[in-house]
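Undergrad: For reference, the structure I am asking about is given below.
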Amino acid sequence: MKYLAIVGTNSDMSTNRMLLQFMQKHFSAEAEIEVYEIKDLPAFMEPDEDSEVPEKVTELSAKILNADGVIIATPEYDHAIPAVLKSALEWISYTSQALTDKPVLIVGASHGTLGSSRAQAHLRQILDSPELAARIMPSSEFLLGKSQGAFDISGKLIYADKLLELEEIFREFVLFTKITSKLLEEKALNKKAKKYTWQE
Ligand SMILES: Cc1cc2nc3c(=O)[nH]c(=O)nc-3n(C[C@H](O)[C@H](O)[C@H](O)COP(=O)(O)O)c2cc1C
């Protein structure tokens, strides 16, 4: 499996980034995870008809399209996702719509106890919009509270209960990715079959 893991912040010292870096190492036998930074993307602005899509946006779109699924780690800013993450999603929705039908796992870390729960609910709502239309893994939440004490010096997640939870969620996500891909294949086949029936 090949996943793109988006760091949902432009902060240099981010525990959400640490979480994705840990996942990249910890699940390396099950999946190839690329940790991707959105901090260099320009703020979204509706482009003119003849203006080019920024290179970084094209790069992100291509990486999403080439991945079997996407993992997004979001902090919580004022009960919502950070502006930099919203802006990146706006670029995708307005240009490539690369997230359409893409399996997505949402995770998040916060310094407080709630682990970015409100931001994650916000992100679900955004990803469900018609121009993004991602396949968000249902009934799953990975909330890492007290994230400043969650990693040791080597970057290992040291909260044993959270580690077990993360392993379970990741296993489910790999399964969800496979099931979603099967579902979309069937959907495409049905569509093709219907087209032929109409043509007869
Ligand atoms: C502008 C701003 C707003 C924040 N608002 C919230 C909030 O509404 N709820 C919350 O739990 N933490 C809030 N925080 C704290 C962050 O979730 C936390 O400090 C940190 O960003 C966690 O992610 P990180 O380690 O990846 O940066 C806020 C932080 C900033 C900078």
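The values are calculated or read from the model by the stated rules, or taken from the named source; none is laboratory data. Just so it is clear, the structure is predicted and the values come from calculations on it, not from any experiment. Cβ atoms come from the backbone with ideal geometry, glycine included; neighbour counts cover every protein chain shown. Each accessible area value is taken on the protein alone, full model and side chains, heavy atoms only, with ligands, DNA and RNA left out. Shrake-Rupley method; radii C 1.70, N 1.55, O 1.52, S 1.80 Å.
Undergrad: Here are Glu131, Glu168: which of them is in a loop (DSSP other than H, G, I, E, B) and either at pLDDT 95 or above or under 16 Å from the mean Cα position of the chain (by Cα) (or both)?
TA: Glu131
Undergrad: Could you check the range 19-57 and list, in sequence order, the residues that are under 17 Å from the mean Cα position of the chain (by Cα) and of a type in the set (Val, Ile, Thr)?
TA: Hits for the range 19-57 are Ile33, Val35, Ile38, Val57.
Undergrad: Ok, one more. Taking interchain pairs and intrachain pairs at least six residues apart, which have beta carbon atoms under 9 angstrom, with the first residue in the range 147-159 and on the phi > 0 side of the Ramachandran plot and the second of a type in the set (Phe, Trp, Tyr)?
TA: Between residues of the range 147-159 that are on the phi > 0 side of the Ramachandran plot and residues that are of a type in the set (Phe, Trp, Tyr), the close pairs are Gly155/Phe22.
Undergrad: Looking only at the range 15-41, filter to residues that are of a type in the set (S, T, N, Q) and open to solvent by 10 Å² or more (accessible area, probe 1.4 Å); which one of those is nearest to the ligand (Cβ to nearest atom)?
TA: Thr15
Undergrad: From the list Lys156, Lys162, Lys146, Lys194, pick out the single residue that is more than 24 Å from Ser116 (Cα to Cα) and among the charged types (D, E, K, R).
TA: Being more than 24 Å from Ser116 (Cα to Cα) and among the charged types (D, E, K, R) holds for just one of Lys156, Lys162, Lys146, Lys194, which is Lys194.
Undergrad: Yes or no: the range 180-196 includes at least one residue that is within 18 Å of Leu19 (Cα to Cα) and surrounded by 12 or more Cβ atoms within 10 Å (Cβ to Cβ). Show your work before the answer.
TA: Step one: list which residues in the range 180-196 are within 18 Å of Leu19 (Cα to Cα), which gives none.
No, every residue in the range 180-196 fails to be within 18 Å of Leu19 (Cα to Cα) and surrounded by 12 or more Cβ atoms within 10 Å (Cβ to Cβ).
Undergrad: Looking at Ala62, Ala80 in this structure, which one is aliphatic (A, V, I, L, M) and under 20 Å from Gly112 (Cβ atoms)?
TA: Ala80
Undergrad: Continuing with the same structure: Take the range 49-83 and flag every residue that is among the hydrophobic types (A, V, I, L, M, F, W, C), within 16 Å of the ligand (Cβ to nearest atom) and surrounded by fewer than 22 Cβ atoms within 10 Å (Cβ to Cβ).
TA: Taking the range 49-83 first, the residues among the hydrophobic types (A, V, I, L, M, F, W, C) are 53, 57, 60, 62, 64-65, 67, 70-73, 80-81, 83.
Among the residues that remain, those that are also within 16 Å of the ligand (Cβ to nearest atom) are: 71-73, 80-81, 83.
Within the range 49-83, Ala80, Ala83 meet the criteria.
Undergrad: Give all pairs with beta carbons closer than 7 Å in which a residue from the range 114-136 that is among the charged types (D, E, K, R) meets a residue that is in a helix (DSSP H, G or I); count only pairs at least 6 apart in sequence or on separate chains.
TA: Glu131/Ser93; Arg135/Thr180
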